[in-house]
1. Given the conditions (1) modelled with pLDDT of 95 or more; (2) surrounded by fewer than 16 Cβ atoms within 10 Å (Cβ to Cβ), which single one is not true for M278?
2. Provide a single number: the residues in segment 137-193 that are closer than 30 Å to L284 by Cβ, surrounded by fewer than 19 Cβ atoms within 10 Å (Cβ to Cβ) and within 16 Å of the chain's Cα centre (by Cα).
3. Identify all residues within segment 1-17 that are open to solvent by less than 60 Å² (accessible area, probe 1.4 Å), at pLDDT below 95 and closer than 14 Å to P152 by Cβ; write none if there are none.
4. Being under 20 Å from the mean Cα position of the chain (by Cα) and at pLDDT 95 or above narrows it down to one residue among A267, A234, A247; which is it?
5. Among the residues of segment 56-67, is there at least one that is assigned to a loop (DSSP other than H, G, I, E, B) and touching a helix residue (DSSP H, G or I) at 6+ places or on another chain (Cβ under 9 Å)?
6. I'm trying to understand the selection: among the residues of segment 68-88, which are open to solvent by less than 20 Å² (accessible area, probe 1.4 Å) and either outside any loop (DSSP other than H, G, I, E, B) or aromatic (F, W, Y) (or both)?
7. Just the residues that are under 24 Å from S172 (Cα atoms), among the hydroxyl-bearing types (S, T, Y) and in contact (Cβ under 8 Å) with a residue 12 or more places away in the chain, please, taken from segment 223-267.
8. Considering (1) within 27 Å of A26 (Cβ to Cβ); (2) over 13 Å from the mean Cα position of the chain (by Cα); (3) not in a loop (DSSP other than H, G, I, E, B), say which one L206 fails and leave the rest.
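The values are calculated or read from the model by the stated rules, or taken from the named source; none is laboratory data. It should be emphasised that the depicted structure is a prediction, and the values quoted were computed from it without experimental measurement. Please note: Cβ atoms are built from the backbone with ideal geometry, for glycine as well, and neighbour counts cover all protein chains shown. When the accessible area is computed, the model is the full protein with side chains, heavy atoms only, and any ligands, DNA or RNA have been set aside. Shrake-Rupley method; radii C 1.70, N 1.55, O 1.52, S 1.80 Å.
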Amino acid sequence: MDTNLKLGWIGLGNMGNPMVRNLLKAGFEVAVFNRTKDKETPLIEAGATSANSPQELMENCDVVLTMLSNDAAVKEIFEGKSGLLSKEYPGKIIINMSTVSPETSRYLASNCNKHQIGFIDAPVSGSVKPAQEGSLVILVGGSTENYELAKPVFNVLGKISIHVGAAGVASSAKLAINYLLGLNLQGLAETILFAENNGVSKEDMLTIVNEGACGNGITKIKSSSILNDSYPAAFALKHLVKDLKLAKEAGLDSPLAHPLYDSYNRALNEGLGDEDVMAIIKSLKR
């Protein structure tokens, strides 16, 4: 594997931290930047170096990756003081792995193009455990040339990377798969509650779901949370609300889209935003 690329990484949350660890284990040289500097410490101990600004990463790295919480945070890193685009760095590549709107991805791609910087939007399907295992599904939007250059990085972070089209298309794909995630979990929650209200234990109902054709990866992953009635965030509910809102703004106007958004948004307003997406069952139970 080609590990000669010097990498910069911005954003060391629940996803970014294990992803950087995997790159370090694979032999990549990685410099990190995080506004909360103490989040850098464990990675520096694991072999990363620290940068003082996004601009410093652009100065010293071939490829800079961002993994941040929302569109505003990403735009600030690109365009703020000492941001990624504060000086000219022709020939370098920025990969945004954050989930943002397709419009934001196209906007960032256009701005990078003006600076002769390559841009890839590469949001991921998968939460903390796949990030730790390097088994994410990576959705890639950008030029074929830049995708080929970035492939050694994607091969470490994910079990597959799929080049779906130009910049912005991958963001659309991410919103689509997260819509299906929301439908899956809402449906599972409603099924369990309906069954319980009619005398079927949640243990038995989960076995019926998971052993039959309706079972899938996410129903099996979330079963233990339902059984234990405990929802530590692998993917926080507040982030799904954000993604469903972005999907609606991008044109999602199907029969289930609006009640699904309303249901998760109600759960958010009930204080469940920092719990896992499966905590939707707690809101529905109320």
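1. (2)
2. Going through segment 137-193 one residue at a time, the tally reaches 5.
3. T3, L5
4. Checking each option against the conditions leaves just A247.
5. Of all residues in segment 56-67, those assigned to a loop (DSSP other than H, G, I, E, B) come to 61-62, 67.
With touching a helix residue (DSSP H, G or I) at 6+ places or on another chain (Cβ under 9 Å) added as a condition, the list becomes 62, 67.
Taking every residue of segment 56-67 in turn, at least one turns out to be assigned to a loop (DSSP other than H, G, I, E, B) and touching a helix residue (DSSP H, G or I) at 6+ places or on another chain (Cβ under 9 Å).
6. V74, I77, F78
7. Y261, S263, Y264
8. Among (1) within 27 Å of A26 (Cβ to Cβ); (2) over 13 Å from the mean Cα position of the chain (by Cα); (3) not in a loop (DSSP other than H, G, I, E, B), L206 violates only (1).
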